[in-house]
Amino acid sequence: MAVLKTDYETIVAQIKAFGEDEPHFVPFFSNISAILWQNMEDLNWAGFYLVTKEDDLVLGPFQGKVACIHIAKGKGVCGTAFEKKEQVLVKNVHDFAGHIACDEASLSEVVTPIFDKEGNIRAVLDIDSPSLERFSKEDGEGLCKICKAISECTDWRLQ
Ligand code: SME
């Protein structure tokens, strides 16, 4: 299986360039979804779920097919990453009990938490691939760097 290399350093630089003077997180996250979609190979979904006041997840900006709007804490890969406040990297989604298949084509997935400057979890970044074992340890580390950059850039201003 070919190992796909992603230039996470360039992606982080692009994200910081968009985020450094943009207080509104929805357009910022929309552009991040597009940057990931354009710079990571072999994806079928890339986007965000946002933490709500009800302590569950609601769909945020994304690229890919239509997706479920609400995910409860602890449910699916996203809800698990939210509950554990740590990255969940899945080599084969069919081996993950309770995986939520918004797109039947998804075979592997990596979900990374995003925190605010006070350390509260505010969102997760969900990346799906139609290939098994698409995401390596290096991809996980790169996506953690991306989510750290996002945390540093945004003040979570909605309007
Ligand atoms: N697969 C995710 C659900 C979100 S769709 O992939 C966009 C999960 O199991 O939480």
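The values are calculated or read from the model by the stated rules, or taken from the named source; none is laboratory data. As the structure is a computational prediction, the values presented were derived from the model and not from experiment. Cβ placement follows ideal geometry from the backbone for every residue including glycine, while neighbour counts extend to all protein chains displayed. With ligands, DNA and RNA removed, areas are computed over all heavy atoms of the protein, side chains included. Shrake-Rupley method; radii C 1.70, N 1.55, O 1.52, S 1.80 Å.
Could you list, in sequence order, all residues of region 2-44 that are open to solvent by 80 Å² or more (accessible area, probe 1.4 Å), closer than 25 Å to ASP155 by Cβ and assigned to a helix (DSSP H, G or I)? Break it down into steps so the answer makes sense when it comes.
Filtering region 2-44 down to residues open to solvent by 80 Å² or more (accessible area, probe 1.4 Å) leaves 2-3, 5, 7, 9, 16, 18, 20-21, 37-38, 41.
Filter once more, so that each one left must be closer than 25 Å to ASP155 by Cβ: 9, 16, 18, 20-21, 37.
Residues satisfying the conditions are GLU9, LYS16, PHE18, TRP37.
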Determine whether region 108-116 contains at least one residue that is under 24 Å from PRO27 (Cβ atoms), open to solvent by 40 Å² or more (accessible area, probe 1.4 Å), at pLDDT below 95 and not β-branched (Val, Ile, Thr). no
Report every pair of residues separated by at least 6 positions or lying on different chains whose Cβ atoms are under 7 Å apart, first residue within region 80-97 and without any contact (Cβ under 8 Å) to a residue 40 or more places away in the chain and in a loop (DSSP other than H, G, I, E, B), second open to solvent by less than 100 Å² (accessible area, probe 1.4 Å) and near the ligand (Cβ under 9 Å from one of its atoms). PHE96/VAL77; PHE96/VAL90
Number of the exception - LYS75 against (1) within 22 Å of THR6 (Cβ to Cβ); (2) buried (at least 17 other Cβ atoms within 10 Å of the Cβ); (3) within 12 Å of the ligand (Cβ to nearest atom): (1)
Taking region 44-61 as the search range and keeping residues that are within 15 Å of ALA105 (Cβ to Cβ) and hydrophobic (A, V, I, L, M, F, W, C), which one is nearest to the ligand (Cβ to nearest atom)? TRP45
